[in-house]
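S.K.: Below is the structure I would like to discuss, written out as structure tokens.
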Amino acid sequence: MARKTDIRHYQGFLPMTVLCMVLLYGPLIIVMVYSFNDSLSITRWGGFSLRWYYDVFFGLEAPKFQKAAFNSFSIATMAAITSTTIAVAAAVGMIRGGQFRAKTASFALISLPLMVPEIVTAVATLIFFTTIGFTAGYATILVAHIVFCIPFAYLPIAARLEGIENIYEEAAMDLYASRAQAFFQVLMPLMLPGIISGFLLAFVISLDDFIITNFVKGAGIETLPTAIFGAVKQGIKPNIMAISTLLLLLSFVFVTLSWFAGRMGSKNP
Amino acid sequence: MNQTAIDIAGVTKFYGSGPDAVRALHDIHFQIQHNEFFTLLGPSGCGKTTLLRIIGGFEDISEGTLRLFGEDIQNLPPNRRPVNTVFQHYALFPHMSIRDNVGFGLKMQGRPPEEIRRRSDQMLELVRLSEYAGRRPSQLSGGQKQRVALARALAPEPKVLLLDEPLSALDLKLRQSMRHELKQIREELGITFIFVTHDQEEALIMSDRIAVMSHGALQQVGTPEEIYNHPLNRFVADFIGETNLVEVQVREISDSGATVAFAGHTLACSVNENQAHEPGEIAHMSIRPEHIGITPGEEKGDALRATVLRKIFLGTDIHVACSLPTGEELVARVQSTAAGVAALSPGDGVTLDIDPHRIVLLGD
């Protein structure tokens, strides 16, 4: 029975898989391989070398990329912490708050930013910031990132919380814990895999964002994606491939961590 | 010594409001004495768990009062009631060791660490799980988790322990041994247990007193003997143990009991206190199967004659279902060794002998 329904026995499964894998990961592999190319050309192989990695850290453009990287990581860290905190509060309110009016509407509002085209959010955010005269550069990017990271942090946290029965909080309260103690000593440790997962997702989303950042950043400040875009406009140099490979590696690490965090403790709730 | 631990007066509980409100509990009155093993018994949906949650502080009361040792506690949140609960699915904290689970209540009370440690170990010893102190709940079996839940609830020395169907998830053998263990632990510690179950056998075995509930209303409160031998109404008679519920017509009422007409015969029976019956009224009567005797062969005279319908062998006992000439069916439970019973087969004529001291006229 299982053999018949096994997807691997469907006709055309293998060619379809190969096609998808090549389309998705082929370009990434080419970028990774050519980041080790000892040649100025981005298409002709000239032997193995780490020169472009050296160039990224110590070359002419290194200060620019370092500054951009610092901005990206500091903004991603703060945006992820803040949005995760807000997402935890939202999840507890939505899932443990019982039935309240406009509950469905609240959920739609939280997850709407995932559906709205990013360019619309970007334009709207820019108009909003300009209208209220908030054009600080770094701070505008941070605020915008906090806002659009909330739904990404919310989803894994809410999913985790929904799987936790409220008998644990009841048991804690029964054993003389105040509401705050029940939350911090019992509910939060149980939610932790979801919280870590949400945090990492928010971090990666912030680190990687280009459209909104590009609209709201103003002159004189760059994050890694906008700096890379700026550099590419003047022609693609292999150092861009080295930066991209480093970012790819980082995303890979974060996604892996997020996956392990999501599995953590799920076997024995 | 006869101190009242819990006093429940006129407790009514509605879920929702307005015309859609569902009444979960209706005007419940009873008192639980200190040091008593008190059981709330009823089928699922009868409101017993709601009542337990009200005592624990997880639900509020729509009407009525709830007192704990004379103190009105209905407005106290669960963490400020000296009452602990053993939850149906244990609710052990999965991220803490067994020792930390047991010590959680003491920690929240702000007791010093040495005392928490000492008391947790003492509790684990009480439930014979000392060697598991460092483990996680996921590493324990169902029965062990159950005992940890018990130790955790007992550690802060509550005045009253609430147990919400704590044995329902265990298999039969384990359940039987836990029944004795629970009783023993209660006697050792001398605190009040309020136990919720739908298992009437469990309730009869363990309880000092039982409150039988149905449809959010209290049906009867009494010792297991009172509940079994003198059920107040049809629901209690039917829910506790096995019985034959038959319709009878009341003939005469006297101080000592009543006589009723049943299947063309006149039977004497007892009447519960405070229960009004009038001659001529149609009422119900409970006859326990073990109070019906069977003699093979149809005797002459005034005896109750019947025909055997089925026979079920139960080991020490045999169930014999008989039909009376007037159509009623009665089940008798007799010892397998009783004379002539083993040889009975469907269609045989028998004479039934009902013990008049053991049959009860029921209220509605």
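The values are calculated or read from the model by the stated rules, or taken from the named source; none is laboratory data. Only a predicted model underlies this, so the values are computations on that prediction, with no experimental measurement involved. Cβ placement follows ideal geometry from the backbone for every residue including glycine, while neighbour counts extend to all protein chains displayed. To get the accessible areas, we keep the full protein, side chains included, count just its heavy atoms, and leave off ligands, DNA and RNA. Shrake-Rupley method; radii C 1.70, N 1.55, O 1.52, S 1.80 Å.
S.K.: For B:T4, list long-range residues whose amide hydrogen, built 1.01 Å from N in the peptide plane, is under 5 Å from its own amide hydrogen.
M.R.: When sequence neighbours closer than 5 places are left aside, the close amide H contacts are B:H34.
S.K.: Jot down the radius of gyration and Dmax of the stretch A:1-142, Cα atoms only, both in angstrom.
M.R.: 23.9, 66
S.K.: Sorted from largest down, give the three principal axis spans of the alpha carbons of the stretch B:242-362, whole angstrom values.
M.R.: Largest to smallest, the principal-axis extents are 43, 28, 19 Å.
S.K.: Turning to a different aspect of this structure: Between B:H34 and A:L192, what is the label-to-label distance in nm when each label sits 7 Å out along the Cα-to-Cβ direction?
M.R.: Placing both labels 7 Å along Cα→Cβ, they lie 4.3 nm apart.
S.K.: Calculated FRET efficiency, B:T295 and B:R251, Cβ-Cβ r, R0 22 Å, to nearest 0.05? If you can, show how the numbers build up before the last one.
M.R.: Numbers: r = 26 Å, r/R0 = 1.16.
Once the sixth-power term is evaluated, E becomes 0.30.
S.K.: log10 I(q)/I(0), Debye, Cα-only the stretch A:136-269, no solvent, q = 0.19, 0.20 Å⁻¹?
M.R.: Results for the stretch A:136-269 at q = 0.19, 0.20 Å⁻¹ read -1.06, -1.12.
S.K.: Here's another thing I want to ask about it. Return the carbon/sulfur percentage of the accessible area of the protein assembly as shown, one whole number, probe 1.4 Å, all protein chains in place.
M.R.: Values: 18660 of 31920 Å².
Using a 1.4 Å probe with all protein chains present, the protein assembly as shown comes out at 58 percent carbon and sulfur.
S.K.: For the stretch B:65-131 and the stretch B:201-247, what is the separation of their C-alpha centers, rounded to whole Å?
M.R.: Here the two parts' Cα centres lie 32 Å apart.
S.K.: Next question. Give me the dipole magnitude in Debye, nearest 20, for the stretch B:242-362 about the Cα centre, with unit charges on the beta carbon: positive for Lys and Arg, negative for Asp and Glu. Please report the intermediate quantities before stating the final value.
M.R.: On the way: 8 positive and 17 negative charges, 84 e Å.
Value, rounded to 20: 400 debye.
S.K.: Right, something else. Within the stretch B:7-28, find all residues whose amide N lies under 18 Å from a label point positioned 7 Å from the Cα of B:F69 along Cα-to-beta-carbon.
M.R.: Within reach of a label on B:F69, which here means backbone N under 18 Å from a point 7 Å along Cα→Cβ, the stretch B:7-28 contributes B:7-8.
S.K.: Shifting gears a bit: Suppose each label sits 7 Å from its Cα in the direction of the beta carbon; what would the B:E328-A:Y54 distance come out to in nanometres?
M.R.: With each label point 7 Å from Cα toward Cβ, the separation is 10.7 nm.
S.K.: Between B and A, buried accessible area summed over both sides at probe 1.4 Å, in Å² to the nearest 100?
M.R.: What B and A bury together is about 2000 Å².
S.K.: Let me ask another. Suppose we flag chymotrypsin sites (Phe, Trp or Tyr not before Pro) only when DSSP calls them loop and at most 13 other Cβ atoms lie within 10 Å. Which is the longest uninterrupted stretch of chain A?
M.R.: Working: sites that count: A:Y10, A:W45, A:F100, A:F134.
The longest uninterrupted stretch comes out as A:135-269.
S.K.: If amide hydrogens are placed 1.01 Å from N in the peptide plane, which non-local residues have theirs closer than 5 Å to the one on B:A24?
M.R.: The answer is B:K13, B:F14, B:Y15.
S.K.: Can you check what the net charge comes to around B:R119, using other residues whose Cβ is under 12 Å from the Cβ of B:R119 (Lys, Arg +1; Asp, Glu -1)? If you can, show how the numbers build up before the last one.
M.R.: On the way: positive: B:R99, B:K107, B:R111, B:R117, B:R118, B:R152; negative: B:E114, B:E115, B:D121, B:E125, B:E157.
Net charge in that neighbourhood comes out at +1.
S.K.: Now for a different question. Which is the longest stretch in chain B that no exposed loop site breaks, taking sites as trypsin sites (Lys or Arg not before Pro) with a DSSP loop state and at most 14 other Cβ atoms within 10 Å?
M.R.: The longest uninterrupted stretch comes out as B:129-299.
S.K.: Assuming R0 = 25 Å, what is the FRET efficiency of B:S44 and B:R80, from their Cβ-Cβ distance, to the nearest 0.05?
M.R.: Numbers: r = 30 Å, r/R0 = 1.21.
Computed FRET efficiency for B:S44 and B:R80 comes out at 0.25.
S.K.: Considering only DSSP states other than H, G, I, E and B, which trypsin sites (Lys or Arg not before Pro) in the stretch A:44-124 qualify as loop sites with at most 10 other Cβ atoms within 10 Å? Show your work: numbers first, answer last.
M.R.: On the way: sites: A:R44, A:R51, A:K64, A:K67, A:R96, A:R101, A:K103; in loops: A:R44, A:R101.
Hits after loop and neighbour filter: A:R44, A:R101.
S.K.: Next question, about the same structure. In nm, give the distance between the simple-model label positions of A:F184 and B:Q335, each being 7 Å from the Cα along the Cα-to-Cβ direction.
M.R.: Result for the modelled spin labels: 6.8 nm.
S.K.: Follow-up question, since we're still on this one. What number comes out for the charge environment of B:G190, summing +1 per Lys or Arg and -1 per Asp or Glu over other residues with Cβ under 12 Å away?
M.R.: Values: positive: B:K159, B:R186; negative: B:E36, B:E157, B:E187, B:E188.
Counting the neighbours of B:G190, the net charge comes to -2.
S.K.: Here's another thing I want to ask about it. Over the alpha-carbon set of the stretch B:22-84, work out the extent along each principal axis and list the three values in angstrom, largest first.
M.R.: 28, 26, 19
S.K.: Could I ask something else about it? Could you give me D for the protein assembly as shown, from Stokes-Einstein at 4 °C and 1.567 mPa s, where the hydrodynamic radius is the Kirkwood radius over C-alpha pairs? Units µm² s⁻¹, please. Could the numbers behind the result be given before it?
M.R.: On the way: Rh = 31.2 Å.
Answer, rounded: 42 µm²/s.
S.K.: Also: How large is ³J(HN,Hα) for each residue in the stretch A:59-66, as worked out from phi by the Karplus curve 6.51 cos²θ - 1.76 cosθ + 1.60 (θ = phi - 60°), to whole Hz, x for Gly and Pro?
M.R.: x, 4, 8, 4, x, 4, 5, 5
S.K.: Give the Kirkwood hydrodynamic radius (Å, one decimal) of chain A, defined as one over the mean of 1/r across all pairs of different Cα atoms. Could the numbers behind the result be given before it?
M.R.: Working: mean 1/r = 0.0464 Å⁻¹.
So the Kirkwood estimate lands at 21.5 Å.
S.K.: Now for a separate question. Taking GluC sites (Glu not before Pro) as exposed when DSSP calls them loop (any state but H, G, I, E, B) and at most 16 other Cβ atoms lie within 10 Å, what is the longest stretch of chain B free of them, the sites themselves excluded?
M.R.: Numbers: sites that count: B:E242, B:E273, B:E281, B:E298, B:E299, B:E328.
No qualifying site falls inside B:1-241, the longest such stretch.
S.K.: Quick one: work out the % antiparallel among DSSP beta bridges in the stretch B:4-229, nearest 5.
M.R.: Working: 20 of 38 bridges.
Percentage antiparallel, nearest 5: 55.
S.K.: Please report the antiparallel percentage of DSSP beta bridges with both residues in the stretch B:242-362, rounded to the nearest 5.
M.R.: Numbers: 40 of 42 bridges.
The antiparallel proportion sits near 95 percent.
S.K.: Read phi for every residue in the stretch B:115-130 and hand back ³J(HN,Hα) as whole Hz from Karplus 6.51 cos²θ - 1.76 cosθ + 1.60, θ = phi - 60°, with x for Gly and Pro.
M.R.: 5, 4, 4, 5, 5, 4, 5, 5, 5, 5, 5, 4, 9, 6, 10, 3
S.K.: Take every Cα-Cα pair in the stretch B:4-229 and report what % of them are more than 24 Å apart. Intermediate values should be presented prior to the final figure.
M.R.: On the way: 10970 of 25425 pairs.
Within the stretch B:4-229, distances greater than 24 Å cover 43 percent of Cα pairs.
S.K.: Let me ask you something else. Holding the Cα-Cα limit at 28 Å, pick out from A:K103/B:K48; B:K48/B:K107; B:K48/B:K159; B:K13/B:K173 the pairs that are longer than that. Numbers along the way, then the final one.
M.R.: On the way: A:K103/B:K48 31 Å; B:K48/B:K107 31 Å; B:K48/B:K159 20 Å; B:K13/B:K173 37 Å.
Distance filter (> 28 Å) returns A:K103/B:K48; B:K48/B:K107; B:K13/B:K173.
S.K.: Just report the Cα centroid separation between the stretch A:1-61 and the stretch A:134-157, whole Å.
M.R.: 31 Å
S.K.: For B:L314 and B:N272, what is the calculated FRET efficiency with R₀ set at 35 Å and r taken between the beta-carbons, to the nearest 0.05?
M.R.: Numbers: r = 30 Å, r/R0 = 0.85.
Calculated value: 0.75.
S.K.: Let a ≥ b ≥ c be the square roots of the eigenvalues of the Cα gyration tensor of the stretch B:308-351; is it rounded (a/c under 1.5), or, if not, prolate (a/b larger than b/c) or oblate? Could you put the intermediate results ahead of the total?
M.R.: Details: a/c = 2.23, a/b = 1.72, b/c = 1.30.
The shape class here is prolate.
S.K.: Could you list which residues have their amide H under 5 Å from that of B:M213, counting only those 5 or more apart in sequence or on another chain, with H placed in the peptide plane?
M.R.: B:L41, B:G42, B:Q219
S.K.: If you take every DSSP beta bridge fully contained in the protein assembly as shown, what fraction is antiparallel? Give it as a percent rounded to 5. Intermediate results must be reported in sequence, preceding the final value.
M.R.: Details: 61 of 82 bridges.
DSSP beta bridges in the protein assembly as shown are roughly 75 percent antiparallel.
S.K.: Here's another thing I want to ask about it. For every helix of n ≥ 4 consecutive DSSP H residues, a contribution of -39,500 (n - 2.57) applies; sum these over chain B, divide by its total residues, and give [θ] at 222 nm rounded to the nearest 500 deg cm²/dmol.
M.R.: It comes out at -7000 deg cm²/dmol, rounded to the nearest 500.
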